[in-house]
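These notes concern the structure reproduced below.
Rule-based calculations on the coordinates, nothing more; no lab input. What you see is a predicted model, and the numbers here were worked out from it, not measured in a lab. Cβ: placed from backbone, ideal geometry, glycine included. Neighbour counts: every protein chain shown.
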Amino acid sequence: MNPGDLSRRVAGILGSRIVDANTGEVLGKAIVLPWRGRIHLIGLTCSVPLRPVAVSSQRLSYWRTSLGFAAPREPDFPNIR
Amino acid sequence: MTALLLLTHEPADRVNRMIDGWETKTRPAHIVVAYGGSENEFAAIKGKKVFVEDPRLRTNDHQREKQSYTRVLEGAVRLLADCEWDSLYLAEYDILPIVDDLFERLREHADSEKADLLGHRAWRIDDTLHAHYSNHIAEQRWLEWIAGISIRDDKNVVLSCLGCGQWWRREAVEAVIALGEPVAAYLELHLPTAAHHLGFRVRGIKNQDPFVSTNPFCGQDEASLAAKGAWLAHPFKSLWK
């Protein structure tokens, strides 16, 4: 088993669910690991690339902020030729 | 009128069966084979064909070696130069056509979307954590080249779609080929992104994405896929044996 398959298998069992911050749809699982000021997603099982997004917050807070994820956007640009 | 471009490296007997299979099933206006196999096998393939020597096609680790279809498209379009066609469908060897009117459906979809390029799993990825995007921003040259050819206001947009099963309007594919590829980029980024920055409209074929996977379909046959609404399916590695 290659490292990619192994990490995905482990993430599938032990990882956190990655939920679309806009729709609530479960996009997959990953082991979420903060390290040296970055957030690493190990063994990502999502079938779509993740888009980091700000998570909406009903209550204004200055001591906590959350980073969420969403599904990618479809290309939708006009023909300009 | 849709021309069909079949990209394959399979033995000649299988390629000839693939040509017959697609011709009978989907009745394209023209068929061209772009071949990435051996010269001996190439000689035994019938019909319009182009031998693609480009090492950027003949990759092993496709993503890391930044596999390219530019020479594939260029060779096919050159062969079709004197033929009448207004759209080109690029099918890799492991696509199974399921519906007889595949090209009519693709045309209708493209017209309704006003699209110049239709691709599977089409996304905007410059605001995502897509591995291909992360890899390409590590080396800025391709992004700088794209910005240099772009006629768009936002020159940072990067699009992605799968290489298999792309539907192109003639004007768009000819324009992208004319650019060449002076800076290497993986085909799943290069083709839709270049088309976008030349001003063409790129769209997905979302209703078919469930049938176009990177994992082989197991235990499902043509009839069961058709019942689920598939126009085509990918990948079927053992087709045309």
Checklist line | For B:Leu143, net neighbour charge (Lys/Arg +1, Asp/Glu -1) across residues whose Cβ lies under 12 Å away | finding: -1
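Taking R0 as 35 Å, what FRET efficiency do you get between B:Ser224 and A:Asn2 from their Cβ-Cβ distance, rounded to the nearest 0.05?
Numbers: r = 31 Å, r/R0 = 0.88.
About 0.70, to the nearest 0.05.
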Item checked: Selection from A:Gly4, B:Trp22, A:Leu60, by position along the positive dipole direction of the protein assembly as shown (Cβ) -> A:Leu60
Notebook entry, point to check: Along each of its three principal axes, how wide is the spread of alpha-carbon positions in the protein assembly as shown, in whole angstrom units, largest first?
Noted result: 69, 46, 37
Check: Measuring from label point to label point, each 7 Å out along Cα→Cβ, what is the B:Ala147 to A:Ser57 span in nm?
Finding: 3.3
Check: Put +1 on the Cβ of each Lys and Arg and -1 on the Cβ of each Asp and Glu in the protein assembly as shown; which of A:Gly24, A:Pro72, B:Ala226 then has its Cα farthest toward the positive end of the dipole?
Finding: A:Gly24
Notebook entry, point to check: Which whole-number percent is the relative contact order of chain B (Cα, under 8 Å, 6+ apart)?
Noted result: 25
Note to self: Modelling each spin label as a point 7 Å along the Cα-to-Cβ direction, I'd like the B:Asn215/B:Trp85 distance in nm, to one decimal.
What the structure shows: 3.4
Check: If you put +1 on each Lys and Arg Cβ and -1 on each Asp and Glu Cβ, how big is the dipole of the protein assembly as shown around its Cα centre, in Debye rounded to 20?
Finding: 1180
Checklist line | Gaussian network model of chain B, Cα within-10 Å springs - most flexible of B:Val52, B:Val157, B:Val15 | finding: B:Val157
Check: Just going by the charge dipole of the stretch B:2-233, with Lys and Arg at +1 and Asp and Glu at -1 on Cβ, which of B:Ala81, B:His109, B:Tyr93 is farthest out on the positive end?
Finding: B:His109
Notebook entry, point to check: How well do other chains shield peptide A:45-51, expressed as the mean number of their Cβ atoms within 10 Å of each residue Cβ?
Noted result: 5
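When DSSP beta bridges are limited to those with both residues in the protein assembly as shown, what percentage is antiparallel, rounded to the nearest 5?
Values: 24 of 45 bridges.
Here the share of antiparallel DSSP bridges comes out near 55 percent.
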Next item on the list: Counting only DSSP beta bridges with both residues in the stretch B:2-233, tell me the antiparallel percent, nearest 5.
Entry: 35
Item checked: Inter-chain shielding of B:122-131 (mean C-beta neighbours from other protein chains, 10 Å cut-off) -> 6
Next item on the list: List, in order, the whole-Hz ³J(HN,Hα) value for each residue of the stretch B:44-49 obtained from phi through the Karplus relation with A = 6.51, B = -1.76, C = 1.60 and θ = phi - 60°; use x for Gly and Pro.
Entry: 8, 8, 8, x, 6, 7
Next item on the list: Return a whole-number percent for the relative contact order of the stretch A:3-70, with Cα pairs under 8 Å and 6 or more residues apart as the contact set.
Entry: 31
Check: Put a dot 7 Å past each Cα toward the Cβ at B:Asp20 and B:Lys241; how far apart are the dots in nm?
Finding: 1.8
Check: For A:Asn22 and B:Asp101, what does the FRET efficiency come to when R0 = 30 Å and r is the distance between their Cβ atoms, rounded to the nearest 0.05?
Finding: 0.25
Next item on the list: Quick one: give the max-minus-min coordinate of the C-alpha atoms of chain B along each principal axis, largest first, in Å.
Entry: 45, 40, 35
